[in-house]
Amino acid sequence: MYIAPMDQVAREQDLASDSLFKWIVVSSSALAMGVTLGLLGGLIIDRDTGLSLHWHWSIVLWAAAGVSATIYVWKTVWAAGKDENPATKRQVKRASIVLVIVCLAACVYPFRFVFSSYGSSYLIGGATAVVVLSLAFSLIRWLVHLCEEQDRKELARQEREHNH
């Protein structure tokens, strides 16, 4: 187990309480997410034109959704850093889920034209990808849980040996 030196912990705590640092992190990541999701909102994938970017008011809506979700996540993360309450940790998970949903919706949104042009073959491929990725995520999560359990057992064994 790695224990950070006190001066490193103090520097990290100083950064977490520095309002300029927080503003830079929140504004830059919100801007990046807003631009990315806004561009996704303007993408059109069509049989005739292929992949193209067209201005539409939905770009503004997707950009606003990206900025809002990112700011919400950072506010909950900064609050959770100060508070060890399990309810605060659940809020961070909830905020992260909101961000993931907004990002997934923005990634799927450009395909609205594909479905009308190409039909159900993309739906079948998309559903297959969701199933395969979900299974892969479940497997990775199970492996992480297994490793954490193994680490807990090893630490308990070391602690017992140390106490004897």
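The values are calculated or read from the model by the stated rules, or taken from the named source; none is laboratory data. Remember, predicted model here, so these are calculated numbers, not experimental data. Note: ideal-geometry Cβ built from the backbone for every residue, glycine included; neighbour counts use all protein chains shown.
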Exercise for the section: Please state which of the following conditions R112 fails to meet, knowing it meets all the rest: (1) outside the structural domain of L40 (by TED's automatic domain parsing); (2) without any contact (Cβ under 8 Å) to a residue 60 or more places away in the chain. Expected result: (1)
Handout entry: Residues (crowded, with 16+ Cβ neighbours inside 10 Å and either in a helix (DSSP H, G or I) or at pLDDT 85 or above (or both)) located in region 40-57
Key = L40, G41, G42
Completion exercise
Residue pairs qualifying under the 6 Å Cβ cut-off, at least six apart or on distinct chains, with the first in region 81-105 being under 25 Å from A32 (Cα atoms) and the second being hydroxyl-bearing (S, T, Y), are Q91/T76; V92/T76; A95/Y72; A95/T76
Exercise for the section: Would you please name the residue that is modelled with the highest pLDDT, looking only at residues in region 76-106 that are within 14 Å of the chain's Cα centre (by Cα) and among the basic types (K, R)? Expected result: R94
Practice task
Could you list all residues from region 62-89 that are of a type in the set (A, V, I, L, M) and surrounded by fewer than 15 Cβ atoms within 10 Å (Cβ to Cβ)?
Solution key: A64, A79, A87
Exercise for the section: Name the single residue, out of those in region 30-71 being among the aromatic types (F, W, Y) and more than 17 Å from L104 (Cα to Cα), that is nearest to the chain's Cα centre (by Cα). Expected result: W57
Handout entry: P110 being surrounded by 15 or more Cβ atoms within 10 Å (Cβ to Cβ), modelled with pLDDT under 90 and not aromatic (F, W, Y)
Key = yes
